[in-house]
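Structure, as structure tokens:
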Amino acid sequence: MSKRAAAAVLAGAMIVGLSACSSTGGSSDGKKSNGKLVLGFAQVGAESGWRTANTKSVQEAAKKAGITLKFSDAQQKQENQIKAIRSFIQQKVDVIAFSPVVESGWDTVLKEAKAAHIPVILTDRAIDSADTSLYATFLGSDFVEEGKKAGDWLVKEYQAKPGEVNVVQLEGTTGSAPANDRKSGFADAIKGDPKFKVVASQTGDFTRAKGKEVMQAFLKAQPKIDVLYAHNDDMALGAIQAIEEAGKKPGTDIKIVSVDGVKDAFTAMSQGKINFDVECNPLLGDQLMELAKKVKNGESVEHRIKTVEGTFTPEQATAALPTRQY
Ligand code: GYE
């Protein structure tokens, strides 16, 4: 390369460098070369219809809000999520958001984020850390309330019916906030009447395949099952297959109450296979982007933001089906 050509290349590089600097407010690593807010988002995985809808909502909302999204899928493993968060810290993103796979064990990595002055937003699932200064806000549902709604339905459904009611429970991912809370909310709602007996309870990890497998085991081991309570729709849908393969009618021989309110569950409800569904709203993207902008600007935000949601009977689900987004 001639000296002149080399000088021209150097000058060009300097101009690029300068313009990058001026548009980023001084960032030297080029990560914000377009001046956009950078959000690192560590998702749980792709375990359910709810999760797919949640991921889509976050990705679309980031686009709409002009936010650069660094997306990571932890495949339902906490260690992967911790790695992703560390990598976001290293990349000096503006804000970190994540949906914690499980409730415990986050203090160390969140202290690292705090030391790096990167605000953290919890979305969808909570953590059990005593130090609430480790995150700016938690946006998501009240899972205890969801469990309670499922239990309240059961109590009402069997109000006038005498005799024992044997319930089997498909729990979500062990140690996760929705599994812990949906279990305790439900237990609380039914504890007033000893006729309700949870005869078996096991994790189905929020997936269809596991829900089916565990329901098969329940059907083999339990001589009388009246009700299935599933912590999410995907496990309920897997269990429906197991029940049908065992020659029983889901929704009739075994009543089913579930949580989420995804389209496939509404279809099953319209066919009489699920009796009650508690809604859990996955469309958190727009709210999350708003919050990311606010915490980045140092504005104060509520420390806990609860999602508003309802419940669905089969009639309501059938009516909602044509316009259900997810
Ligand atoms: O109910 C389930 C998903 O954390 C609320 O996770 C979420 C739960 C949701 O796998 O379907």
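A short reminder: the numbers here are calculations on the coordinates, not readings from a lab. This one's a predicted model, so the numbers in the text were calculated from it and none came from an experiment. With ideal geometry, Cβ positions are generated from the backbone for all residues, glycine too; neighbour counts draw on all protein chains shown.
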Longest principal axis of the chain (C-alpha) makes with the long axis of helix 143-157 (C-alpha) an angle, in degrees to the nearest 10, of 20
Using alpha-carbon coordinates, inclination of helix 3-24 to the longest axis of the chain, degrees | 50
Could you give me the ³J(HN,Hα) list for the stretch 216-232, computed from phi with Karplus coefficients 6.51, -1.76, 1.60 and θ = phi - 60°, whole Hz, x at Gly and Pro?
-> 4, 5, 4, 5, 6, 7, 9, x, 9, 10, 9, 9, 10, 10, 10, 6, 7
Under 5 Å from the placed amide H of Lys70, counting only residues 5+ away or on other chains, we find Leu39, Gly40, Phe41
The stretch 300-318 and the stretch 34-87 have their Cα centres apart by a whole-number Å value of 22
Among Gly40, Gly140, Gly66, which one moves the most in a GNM of the chain with springs linking Cα atoms closer than 10 Å?
-> Gly66
Would you work out which of Asn80, Ala160, Pro314 lies farthest towards the positive end of the dipole of the chain, given +1 charges on the beta-carbon of Lys and Arg and -1 on that of Asp and Glu, about the Cα centre?
-> Asn80
What's the FRET efficiency of Ala320 with Ala209 using the Cβ-Cβ distance as r and R₀ = 22 Å, to the nearest 0.05?
-> 0.25
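Per-residue ellipticity at 222 nm for the chain, helices alone: DSSP H runs ≥ 4 residues times -39500 (n - 2.57), over residue total, nearest 500 deg cm²/dmol?
Details: 11 runs with 144 residues, N = 326.
Taken over the chain, the calculation gives -14000 deg cm²/dmol.
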The relative contact order of the chain, taking Cα pairs under 8 Å that sit 6 or more residues apart, comes to a percentage of 17
Rg and Dmax of the chain, using alpha carbons, in Å: what are they?
-> 23.7, 95
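Over 28 Å between C-alpha atoms is what I'm after, so list which of Lys224/Lys273; Lys36/Lys263; Lys197/Lys273; Lys248/Lys306; Lys149/Lys210; Lys70/Lys212 land there. Working shown, then result.
Details: Lys224/Lys273 18 Å; Lys36/Lys263 35 Å; Lys197/Lys273 22 Å; Lys248/Lys306 38 Å; Lys149/Lys210 24 Å; Lys70/Lys212 34 Å.
Beyond 28 Å between Cα atoms: Lys36/Lys263; Lys248/Lys306; Lys70/Lys212.
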From phi via Karplus (6.51, -1.76, 1.60), per-residue ³J(HN,Hα) for the stretch 292-298 in Hz, x at Gly/Pro = 4, 4, 5, 5, 4, 7, x
Taking Cα atoms only, helix 78-90 is inclined relative to the longest principal axis of the chain by an angle, in degrees rounded to 10, of 20
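Below 8 Å, C-alpha to C-alpha, sequence gap of six or more: please give me the relative contact order for the stretch 143-280 in percent. Show your work: numbers first, answer last.
Working: 286 pairs, mean separation 34.8, N = 138.
It comes to 25 percent, rounded to a whole number.
Around Val168, with a cut-off of 15 angstrom between Cβ atoms, what is the net charge of the other residues, counting Lys and Arg +1 and Asp and Glu -1?
Computed value for this residue: +4.
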For the stretch 193-209, take each phi angle, set θ = phi - 60°, evaluate the Karplus expression 6.51 cos²θ - 1.76 cosθ + 1.60, and give the result in whole Hz per residue in order, putting x for glycine and proline.
-> 10, x, 6, 8, 10, 7, 7, 7, 8, 8, 6, x, 6, 6, 10, 5, 4
Toward the positive end of the charge dipole of the stretch 143-280, about the Cα centre and with charges on Cβ (Lys, Arg +1; Asp, Glu -1), which of Phe218, Asn180, Ile240 goes farthest?
-> Phe218
Cα gyration tensor of the stretch 143-280, axes a ≥ b ≥ c as square roots of the eigenvalues: rounded (a/c below 1.5), prolate (a/b > b/c) or oblate?
-> rounded
